[in-house]
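Each remark here refers to the structure printed beneath this line.
All of the numbers you see were taken from the coordinates with simple rules; none came from a lab. Since the structure is predicted, the reported quantities are computational estimates derived from the model, not experimental observations. Backbone-built Cβ (ideal geometry, glycine too); neighbour counts: all protein chains shown.
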Amino acid sequence: MHDAQLLRYSRHILLDEFGVEGQQKLLAGHALIIGAGGLGCPAALYLAAAGVGRITIADGDTVDATNLQRQILYRDASVGLPKAAAAKDALGAVNPEVEVVALGERAQGPRLDALVAAADVVLDCSDNFATRHALNRACVAHRRPLVSGAAIRFDGQLAVFDLRRADSACYACLFPEALEAEDVACAVMGVFSPLTGTIGTLQAAEAIKLLAGIGTGLAGRLQMFDALHAQWRTVRVQRDPDCAACRES
Ligand SMILES: [Zn+2]
């Protein structure tokens with residue numbers, strides 16, 4: 001690390017658990033963020049500010065006026081721009097040292113597979129079950145830790161699946177693919193603005209801990225946050241031996 005980096009990251013380096021070594025791991029790390037919406041915006045901001053060396057962010061949408069209430073990477077002038085490109089500009093302004101790869105697409109199939117294989121940690125900041133399950137399958141196949149977040153109305157969820165471990169549960173152990181869950185869109189249900197910040201920021205925290213190799217992760221637990229009544233609940237998550245997504249892994 002050069003002097004400017006030692007200064008920029010000094011408040012991490014001062015943490016005993018982190019130190020120069022932890023920061024160096026972050027600088028060498030590569031995070032993949034799927035979705036640059038309410039969760040992806042705060043997650044990406046913290047990963048960039050913290051100095052994660054490479055951030056790939058994928059989203060096929062353009063910024064819409066209704067996004068500005070919670071998608072904090074975007075400004076009034078961003079409306080109409082592709083989210084991934086606008087996100088890259090905003091992250092570059094926060095920390096020009098970070099390499100940001102912006103993909104203006106909804107990654108799927110072999111493309112998604114390659115993106116996951118190239119990442120050290122994967123953040124699911126998407127808003128639909130098709131993407132969540134495809135991303136989970138790719139993380140199972142490539143044994144990449146998956147940090148999953150969700151936020152709708154006043155209800156948030158956070159879970160980590162450390163798929164580097166053979167005994168880890170996967171997203172589908174918790175929410176089976178066969179469960180014909182219907183996507184509930186923010187457009188219909190509404191979403192409490194700071195809830196997305198809360199969950200997205202916690203996704204960044206878990207991803208940074210995974211990259212730096214510090215602390216105890218959330219793996220094996222699901223946290224649920226009721227923002228309306230300020231209540232947290234934690235439940236254990238166990239591997240489903242019959243899970244269609246991770247059974248053969
Ligand atoms: Zn599973």
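Things to note:
- Qualifying residue in segment 173-182 (condition: among the small types (Gly, Ala, Ser), over 19 Å from residue 42 (Cβ atoms) and more than 13 Å from the ligand (Cβ to nearest atom)): yes
- Looking across segment 117-139 at every residue that is β-branched (Val, Ile, Thr) and surrounded by 24 or more Cβ atoms within 10 Å (Cβ to Cβ), the one that is farthest from residue 84 (Cα to Cα) is identified as 121.
- Every residue from segment 145-173 that is within 18 Å of residue 119 (Cα to Cα) and surrounded by fewer than 23 Cβ atoms within 10 Å (Cβ to Cβ): 162, 164, 165
- The set of residues from segment 217-231 being buried (at least 16 other Cβ atoms within 10 Å of the Cβ) and closer than 30 Å to residue 166 by Cα comprises 217, 218, 219, 220, 222, 223, 225.
- Residues in segment 180-198 that are in a loop (DSSP other than H, G, I, E, B) and closer than 17 Å to residue 124 by Cβ were compared, and the one that is farthest from the chain's Cα centre (by Cα) is 181.
- Here residue 84 fits the description: under 19 Å from the mean Cα position of the chain (by Cα) and buried (at least 16 other Cβ atoms within 10 Å of the Cβ).
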